[in-house]
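The block underneath contains the structure these notes are about, expressed in structure tokens.
The values are calculated or read from the model by the stated rules, or taken from the named source; none is laboratory data. What you are looking at is a predicted structure, and each value in this text was computed from that prediction instead of being measured. Here the Cβ is made from the backbone with ideal geometry for all residues, glycine too, and neighbour counts use every protein chain on show. Surface areas here come from the heavy atoms of the whole protein model, side chains and all, with no ligands, DNA or RNA. Shrake-Rupley method; radii C 1.70, N 1.55, O 1.52, S 1.80 Å.
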Amino acid sequence: MKRASANRRMTLLVMRDAQHSVKQIHLSKPLMMAVPAAAVLSLSGLILALQAHSSQAISQLEQKVTLENAKNLQLQNSVNSREQSIERLQNEIIKLSTQAKDMQQRMQQVDQLERQLQQFIQKHGTGMAADDSSDKASSLSRDASQHVGGEFVAVHQNEMLDLARETKDDFQEMQELLKMMESKIPQTLQKAQETQRQIAGSPTLWPTESKVMTSSFGYRTDPFTGRASFHAGIDIAGDNGEPVYAAGAGKVIAADQSGARGRYIVIEHPNGLQTWYMHLSKLQVKEGDSVDKGEQIALLGSTGRSTGPHLHFQVVKNDKPVNPLPYIRAQNSEFD
Ligand SMILES: [Zn+2]
């Protein structure tokens, strides 16, 4: 029992250095075995704790990295969307500038039409109702140039997009207006020209220098037979070789000679009107010619059935002779 007990004890010698005595520590065997085991246990615990700690740190790091990546991705996305926005904006602006060019061209066309119309109105002095629309045209062209200008400076991107869109809408509206005007102005011009054609074409000009009327329109005693007869025009006495003028603009549909009429001219005017000039000594236009109002067409004479130098002037409306005086009397002042 004692031996067995002695065997269970172990002695530990602790030597610090040469000066100190050696210490003996008696320890029981189980205790002696427990100490390293405890050490091993606590060491492995420490390692485990360390492992846990480091794995936590790693996962935290990983989380951080993931978060950073997400942020980067977000940033990249935002950069991309910004770039897209800028590109869209640039496209809008390019479109606008193209529209502006188109608009400028149209404005120039309208301007030209406007000038044509103004020239026409100045020339003929007829107050045509196109002034309003032409005023609109010039004010529009001023607005357009203002819109193209430098409004796209230092504003937020969305505002820029809105502005671009609004400006585009404005342009479209203006284009519609212009389209309308473009189609309207030529119509007005055409109308004005037609009116002018009517005015120029109506035979209102006294056809000779002389104003001495020797025979009027209607029933009279025939100068040759002495019998009652119908005189289809008026006779204006004049000198042989005196100029004869077209009473209105028109087309010469006859420049010929016949027994009774002598040398004669027929001019066709708008509205079914014709003027006839007879007993001429010389024809100065030919069939098919266009003549202006007041243009010299012949020389006065006494050819055909005539008793002396005079012009037989006749107005025919829808193939029927009518009294020329209401036509030419009112416009004597035009004769210059
Ligand atoms: Zn006559």
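Relative to the longest principal Cα axis of the chain, at what angle does helix 29-124 sit, 0 to 90 degrees, rounded to 10? Between the helix axis and the principal axis of the chain, the angle is about 10 degrees. Considering only 33, 278, 103, the Gaussian network model of the chain with Cα springs below 10 Å gives its largest mean-square fluctuation to 33. Solvent-accessible surface (1.4 Å probe) assigned to residue 15 amounts to roughly 140 Å².
For the chain, find the longest principal axis of its Cα atoms and tell me its angle to the long axis of helix 131-148, 0 to 90°, nearest 10. Value to nearest ten degrees: 20.
Here the chain is treated with +1 on each Lys and Arg Cβ and -1 on each Asp and Glu Cβ, and its dipole about the Cα centre works out to around 2940 debye. Of the residues 121, 245, 315, the one whose Cα sits farthest toward the positive end of the charge dipole of the chain, with +1 on the Cβ of Lys and Arg and -1 on the Cβ of Asp and Glu, is 121. Residue ranges 193-204, 172-183, 297-308 sort as 297-308, 193-204, 172-183 when ordered by packing (mean number of other C-beta atoms within 10 Å per residue, highest first).
For segment 238-336, the gyration tensor built on C-alpha atoms gives a rounded shape. Its axis ratio a/c (a ≥ b ≥ c) stays under 1.5. Only protein heavy atoms count here; under a 1.4 Å probe, residue 79 has an accessible surface of about 60 Å². On a 32 Å Cα-Cα criterion, which of the cross-link pairs 191/251; 184/320; 179/317; 211/286; 191/286 come out too long? Pairs exceeding the cut-off: 184/320; 179/317.
For a Förster distance of 51 Å, can you work out the FRET efficiency between the beta-carbons of residue 197 and residue 175, rounded to the nearest 0.05? Efficiency, rounded to the nearest 0.05: 0.95. Rolling a 1.4 angstrom probe over the protein heavy atoms with all chains in place gives segment 232-336 an accessible area of 45 Å² per residue. Compute the Cα gyration tensor for the chain, then decide on rounded, prolate or oblate, letting a ≥ b ≥ c be the square roots of its eigenvalues: rounded whenever a/c is under 1.5, prolate when a/b is larger than b/c in the other cases, and oblate in all that remain. Prolate shape, in that a/c is at least 1.5 and a/b is the bigger ratio. For the pair residue 64 and residue 15 in one chain, pulling the backbone fully straight at 0.36 nm per residue adds 12.3 nm over the alpha carbon distance. With all protein chains in place and a 1.4 Å probe, the accessible surface of the chain carries 52 percent carbon and sulfur.
Considering only 256, 17, 222, the Gaussian network model of the chain with Cα springs below 10 Å gives its largest mean-square fluctuation to 17. Note on residue 10: accessible area is roughly 70 Å² with a 1.4 Å probe, heavy atoms of protein only. Would segment 196-247 count as rounded, prolate or oblate if I go by the C-alpha gyration tensor, calling it rounded below 1.5 in a/c and otherwise prolate when a/b exceeds b/c, oblate otherwise? It comes out oblate by the Cα gyration axes. Of the peptides 50-59, 107-116, the ranking by mean beta-carbon count within 10 Å, highest at the top, reads 107-116, 50-59. Gaussian network model of the chain, Cα springs within a sub-10 Å range: biggest mean-square fluctuation belongs to which of 165, 263, 227? So, out of 165, 263, 227, the one fluctuating most is 227.
Farthest toward the positive end of the dipole of the chain, out of 198, 273, 74, is the Cα of 74, where the dipole comes from beta carbon charges about the Cα centre.
If R0 equals 25 Å, the separation of the Cβ atoms of residue 163 and residue 108 corresponds to a calculated FRET efficiency of about 0.40. Kirkwood radius, segment 164-203, all distinct C-alpha pairs, inverse of mean reciprocal distance: 12.2 Å.
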